[in-house]
Amino acid sequence: MKIGILISGGGSNMVALVDAVQSGEIPDSEVAVVISDKPNAEGLEKARARGVETVIFERKGRTREEHDAEIIAELKKRDVELVCLAGYMRLLSPSFIRAFPDRIINIHPSLLPAYPGLDVHERVLAAGEKVSGCTVHFVNEDLDAGPIIVQCEVEIYEGDTVETLSARILEREHATYIAAVKRLATEFTENTEKS
Ligand code: GRF
């Protein structure tokens, strides 16, 4: 299964996926490309250091549709079969979602459907929650609302701050994202063998 990963920042989830693919923990897969909309995303160097090709598409003066069309073309050119959003900070246009039906997934740092959107940890702490976590889900046209693939709960401690909580959840995101992609890769191989 050929995977394309979209990032905008540090890329720790991307690194976790690349390492799991390269070690064989995620079977029968290859990370075909890492794409960033930010030329200075720290994750780019980490991808290159692992021998993964990177491409930058800045939004600049383009419309969302035009920007997405460039990314879709790059992913299609490389025969990407699964698109993983990993800290990619842009909403996808409907045409992007239609280009990869049921083949785009995202990781979000809350137990969806609770706390979609931005500033998740601030809102979770302000609400006095005792548990948070992360969710890997399919991406559809509604923000953070597609079918859930896997979730992981993370306890909230007294005195937690946005920094401590986000760091503890991020650590768990990596294994959670790997588990989700592993499941899809296994299903993909089974389906390919059947057809
Ligand atoms: C993660 O918390 C992810 O859930 C959210 O953005 C953050 C990305 O972190 N969508 P990284 O770039 O993977 O380190």
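Which pairs, out of Lys76/Lys194; Lys77/Lys194; Lys2/Lys194; Lys2/Lys46, put more than 21 Å between their alpha-carbon atoms?
Table pairs above 21 Å Cα-Cα are Lys76/Lys194; Lys77/Lys194.
If you average the sequence gap of Cα pairs under 8 Å that are 6 or more apart and divide by the length of the range 128-195, what percent do you get for the contact order?
RCO, the range 128-195: 31 percent.
Grab the eigenvalues of the alpha-carbon gyration tensor for the range 112-195, scale each by 5, take roots, and send me the semi-axes largest first in whole angstrom.
Here the semi-axes work out to 30, 15, 8 Å.
Given a Förster distance of 41 Å, report the FRET efficiency between Glu141 and Ser23 from their Cβ-Cβ distance, rounded to the nearest 0.05.
About 0.75, to the nearest 0.05.
Averaging over all projection directions, find the projected area of the Cα convex hull of the chain and quote it in nm² with one decimal place.
With the hull built on Cα positions only, its mean projection is 11.0 nm².
In debye to the nearest 20, how big a dipole does the chain give about its Cα centre with +1 on each Lys and Arg Cβ and -1 on each Asp and Glu Cβ?
480 debye
So what is the relative contact order of the range 2-194, in percent, for Cα pairs below 8 Å that sit 6 or more residues apart?
Result for the range 2-194 is 21 percent.
Please report, for the Cα atoms of the range 63-123, the Rg to one decimal and the Dmax as a whole number; what are they, in angstrom?
Gyration radius and largest Cα-Cα distance of the range 63-123: 13.2, 40 Å.
Cα axis of helix 162-194 to longest principal axis of the chain: angle in degrees, 0 to 90, nearest 10?
The helix 162-194 is inclined about 40 degrees to the chain.
All of the numbers you see were taken from the coordinates with simple rules; none came from a lab. Note that the structure is predicted; figures quoted are calculated from it, not measured. Every residue, glycine as well, gets a Cβ built from its backbone with ideal geometry; the counts of neighbours run over all protein chains shown.
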